[in-house]
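Engineer: The structure's right below; bear with me while I get my questions together.
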Amino acid sequence: MKHQTLDELHAVAKIESSAAYSAMTRNQRIERWAELLEQHPERCLAAFTGTEYLQMEERASVRGDGSAIAVAFDDPVLRASGLKDDTYGEARRFFKLSDWQLHEIVCDCHVGATMRAHWAAARVRATLDGKGFFAWLRQRIMY
């Protein structure tokens, strides 16, 4: 391995510090995820099937190409902040969500096999203020 100074590395590669991202708070990470989903609001995302019926170990390893969690994992900022992969368990850990909060965002029982990104973004944002599915539903019905 050849050791080089930072200046030498800048000559051959774009160097970005991840230190600025590593200090993101839970709310900042969740807000970033919602913003990523809102960049393409009509994008169809894959939903996970029956997460509430899976055993804890199986649920933790569930993943899907084109899911809301995959959108988060595709982001270099969230990866630099510590998001290790695009599994249900890693999203739960990284975003500090309860099973029910993450279930409400990614499970097919709310939307079917696919969901629009703007819908997922609204569900992600709902975790910021502690509101869940029923608060969201009540708001849609009452207003």
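The values are calculated or read from the model by the stated rules, or taken from the named source; none is laboratory data. What you see is a predicted model; the values in this text were computed from it and never measured. Neighbour counts run over all protein chains shown; Cβ positions are idealised from the backbone, glycine included.
Engineer: In this structure, is ALA70 within 15 Å of the chain's Cα centre (by Cα), closer than 12 Å to ASP86 by Cβ and at pLDDT 95 or above? Step through it out loud before you land on a result.
Structural biologist: Working: within 15 Å of the chain's Cα centre (by Cα): yes; closer than 12 Å to ASP86 by Cβ: yes; at pLDDT 95 or above: yes.
Criteria met by ALA70.
Engineer: Applying the selection to the stretch 73-103, what residues are more than 11 Å from the chain's Cα centre (by Cα) and of a type in the set (Asp, Glu)?
Structural biologist: Within the stretch 73-103, ASP99 is the sole residue that qualifies.
Engineer: Ok, one more. Looking at (1) more than 19 Å from SER81 (Cβ to Cβ); (2) surrounded by fewer than 15 Cβ atoms within 10 Å (Cβ to Cβ), can you tell me which one ALA120 breaks?
Structural biologist: (2) is the only condition that ALA120 fails.
Engineer: Considering only the stretch 33-81, how many residues are touching a Ser or Thr at 6+ places or on another chain (Cβ under 7 Å) and assigned to a loop (DSSP other than H, G, I, E, B)?
Structural biologist: Going through the stretch 33-81 one residue at a time, the tally reaches 4.
Engineer: Okay, moving on. List the residue pairs whose Cβ atoms are under 6 Å apart, where the first residue sits in the stretch 26-48 and is surrounded by fewer than 19 Cβ atoms within 10 Å (Cβ to Cβ), the second is aliphatic (A, V, I, L, M) and part of a loop (DSSP other than H, G, I, E, B), and the two are 6 or more positions apart or on different chains.
Structural biologist: The qualifying pairs are ASN27/LEU128.
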